[in-house]
Amino acid sequence: MTKRYSVELLWRLRNEIRMDWLIGYLRWPHKRRNGQFVFVCPLCNESESDVNPKTNLARCFHCERNFNPIEFTIATQTDDFKEAVEFLKPLLRD
């Protein structure tokens, strides 16, 4: 049986859980370098990265990959979309 998630829930997960906060919450390697938030890319292990608060996307400039909160959770915590959504759901504010 396939579980489907509402468009609203997926939008909220992608936009209301701040990427910089999530990276810290996951205890993923990160720091501030010259005032810029940088993290270790879960795919290439480089730290040529940044988080754009306007789009709520994390970007690795080395492997040219963008991550939203769901994608970052999949890359660092699970290999499964549903598991990532279930992991993130309790982090939303009502």
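The values are calculated or read from the model by the stated rules, or taken from the named source; none is laboratory data. All values reported here derive from a predicted model rather than from experimental measurement. A quick note on method: Cβ atoms are made from the backbone with ideal geometry, for glycine too, and the neighbour counts reach across all protein chains shown. Surface accessibility is based on the protein's heavy atoms, side chains included, excluding ligands, DNA and RNA. Shrake-Rupley method; radii C 1.70, N 1.55, O 1.52, S 1.80 Å.
Can you give the longest run of the chain that contains no chymotrypsin sites (Phe, Trp or Tyr not before Pro) sitting in a DSSP loop with at most 15 other Cβ atoms inside 10 Å?
Answer from the scan: 6-60.
Which trypsin sites (Lys or Arg not before Pro) in the range 7-59 pass both tests, a DSSP loop state and at most 12 other beta-carbon atoms within 10 Å?
Arg27, Lys54
Can you work out the PRE-style zone for Asp79? Point 7 Å along Cα to Cβ, and I want the residues of the range 31-51 with backbone N under 19 Å.
42-45
Treat every Asp and Glu Cβ in the chain as -1 and every Lys and Arg Cβ as +1, leave all other atoms uncharged, and give the resulting dipole magnitude about the Cα centre to the nearest 20 debye.
260
Could you tally the net charge around Thr73, taking each other residue with its Cβ under 12 Å from the Cβ of Thr73, Lys/Arg +1 and Asp/Glu -1?
On the way: positive: Arg14, Lys82, Lys89; negative: Glu71, Asp79, Asp80, Glu83, Glu86.
That works out to -2.
What net charge do the residues around Glu83 carry, taking every other residue with its C-beta under 14 Å from that of Glu83, with Lys and Arg at +1 and Asp and Glu at -1?
-1
Which option, (i) -0.48, -0.55, -1.21; (ii) -0.57, -0.64, -1.36; (iii) -0.48, -0.55, -1.38, is the value of log10 I(q)/I(0) by the Debye sum over Cα atoms at q = 0.14, 0.15, 0.25 Å⁻¹ that was calculated from these coordinates?
It is the one labelled (iii).
Per-residue ellipticity at 222 nm for the chain, helices alone: DSSP H runs ≥ 4 residues times -39500 (n - 2.57), over residue total, nearest 500 deg cm²/dmol?
Estimated from H runs of four or more residues: -9500 deg cm²/dmol.
Using DSSP to define loop residues, name the GluC sites (Glu not before Pro) in the range 40-94 whose beta-carbon has at most 15 other beta-carbon atoms within 10 Å.
Qualifying residues, ordered by number: Glu46, Glu48, Glu64.
Whose amide H sits under 5 Å from the amide H of Arg65, counting only residues 5 or more places off or on another chain, with H placed in the peptide plane?
Residues meeting the criterion, in which the H sits 1.01 Å from N, are Cys60.
If you count only protein heavy atoms with a 1.4 Å probe, what accessible area per residue comes out for the chain, rounded to a whole Å²?
Averaged over the residues of the chain, the accessible area is 67 Å².
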